[in-house]
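S.K.: One structure is given below, represented as structure tokens, and several questions about it will come after.
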Amino acid sequence: MNYFDLFEMPITLNVDKSTLAKKYFELQKKYHPDFFTQADEAEQEAVLEKSSAINKALKIFQHKEQLIKYVLQLKGLLEEDEKYQLPPDFLMEVMELNENLSAGSTAAINAFEEDIYAGVQPIIEQYDDATITTEALLKIKEYYFKKKYLQRILERLDD
């Protein structure tokens, strides 16, 4: 089930929060399992699955990284547990960051993350599913994996 179809929205990397909330409540009102207590078992199960999909879609739409991952998977450009080869220059920069990890490293990592986002910001913010190229999607994919890599470093700092 395509979550964009479920929410009757175009594929995007920028989900409008107010439209999302409105559509979520509309769908929950229509498919909440409590409204189907008198239905047969098959219909109850179908509604329960639909309600679960609505909740899962909401979580994906609310988190930018999850949304990027979902769109890339829809486009067939990202597989679950994919081992992506990051560029050597990025890995060298990250290695330098890793070597100098300290309490103040969070700011440096966040600045580095902002730099890599700047390269894909126009693509993400002006995403148009009808005109997006595979090349642009692959740039977003690389950003996704770089961000994921940096997030792991930040998580280690928090430990």
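S.K.: Please determine, in degrees from 0 to 90 and to the nearest 10, the orientation of helix 17-31 with respect to the longest principal axis defined by the Cα atoms of the chain, where the helix direction is its Cα long axis.
M.R.: Helix 17-31 and the main axis of the chain meet at about 30 degrees.
S.K.: Explain nothing, just compute: Karplus ³J(HN,Hα) = 6.51 cos²θ - 1.76 cosθ + 1.60, θ = phi - 60°, for every residue of region 87-92 in order, whole Hz, x for Gly and Pro.
M.R.: x, x, 5, 5, 4, 5
S.K.: In addition: A 23 angstrom limit on the alpha carbon distance is what I want to check against. Which of LYS56/LYS83; LYS30/LYS56; LYS22/LYS56 exceed it? Kindly include the intermediate steps, with their values, before the conclusion.
M.R.: Working: LYS56/LYS83 25 Å; LYS30/LYS56 16 Å; LYS22/LYS56 16 Å.
Result: LYS56/LYS83 exceed 23 Å.
S.K.: Could I ask something else about it? Please identify the longest segment of the chain free of exposed GluC sites (Glu not before Pro), where exposed means a DSSP state other than H, G, I, E or B and no more than 13 other Cβ atoms within 10 Å.
M.R.: Numbers: sites that count: GLU8, GLU79, GLU80, GLU82.
Formally, the longest exposed-site-free interval is 83-159.
S.K.: Give me a comma-separated list of calculated 3J(HN,Hα) values for region 107-116, in order, Karplus coefficients 6.51, -1.76, 1.60 applied at θ = phi - 60°, integers in Hz, x for any Gly or Pro.
M.R.: Values, residue by residue: 5, 5, 5, 5, 5, 4, 5, 4, 4, 6 Hz.
S.K.: Still on this structure: Can you give the angle from 0 to 90° between the axis of helix 134-158 and the longest principal axis of the chain, with both taken from C-alpha atoms, to the nearest 10?
M.R.: 80
S.K.: Continuing with the same structure: Any idea what angle helix 64-74 forms with the longest principal axis of the chain, computed on alpha-carbon atoms, 0 to 90 degrees, nearest 10?
M.R.: 70
S.K.: With only Lys, Arg, Asp and Glu charged, each at its Cβ (+1 for the first two, -1 for the last two), find how big the charge dipole of region 88-158 is about the Cα centre; round to the nearest 20 debye.
M.R.: Details: 7 positive and 14 negative charges, 49 e Å.
Around 240 debye, computed over region 88-158.
S.K.: Convex hull over the alpha-carbon atoms of region 88-158: what's its volume per residue in Å³? Don't skip to the answer; put the middle values down first.
M.R.: On the way: hull volume 5.9 nm³, N = 71.
Convex hull volume per residue, Cα atoms: 84 Å³.
S.K.: Applying 1/(1 + (r/R0)^6) with R0 = 22 Å to the Cβ-Cβ distance of GLU65 and GLU99, what FRET efficiency is obtained, to the nearest 0.05? If you can, show how the numbers build up before the last one.
M.R.: Numbers: r = 26 Å, r/R0 = 1.17.
Here the calculated transfer efficiency is 0.30.
S.K.: Which label belongs to the value computed from this structure, given these candidates for Cα Rg over 2.2 N^0.38 Å: (i) 1.28; (ii) 1.42; (iii) 1.01?
M.R.: Evaluating Cα Rg over 2.2 N^0.38 Å on these atoms matches (i).
S.K.: Among the trypsin sites (Lys or Arg not before Pro) in region 72-159, which ones are in a DSSP loop with at most 16 other Cβ atoms within 10 Å of the Cβ? Mind listing them?
M.R.: LYS75, LYS83
S.K.: Residue by residue through region 46-51, which ³J(HN,Hα) values in whole Hz follow from phi under the Karplus form 6.51 cos²θ - 1.76 cosθ + 1.60 (θ = phi - 60°), with glycine and proline marked x?
M.R.: 4, 5, 4, 5, 5, 5
S.K.: Further, regarding this structure: Treating only the Cβ atoms of Lys and Arg (+1) and Asp and Glu (-1) as charged, compute the dipole magnitude of region 1-70 about its Cα centre; round to the nearest 20 debye. Please list the in-between numbers first.
M.R.: Details: 10 positive and 11 negative charges, 108 e Å.
So the magnitude is around 520 debye.
S.K.: Hey, could you grab the Kirkwood Rh for region 3-62? Inverse mean 1/r over distinct alpha carbon pairs, Å, one decimal.
M.R.: It is 12.1 Å.
Values quoted throughout were computed directly from the atomic coordinates according to the rules given, and no laboratory measurement underlies them. The structure presented is a predicted model; accordingly, all values stated were derived computationally and were not measured. Every residue, glycine as well, gets a Cβ built from its backbone with ideal geometry; the counts of neighbours run over all protein chains shown.
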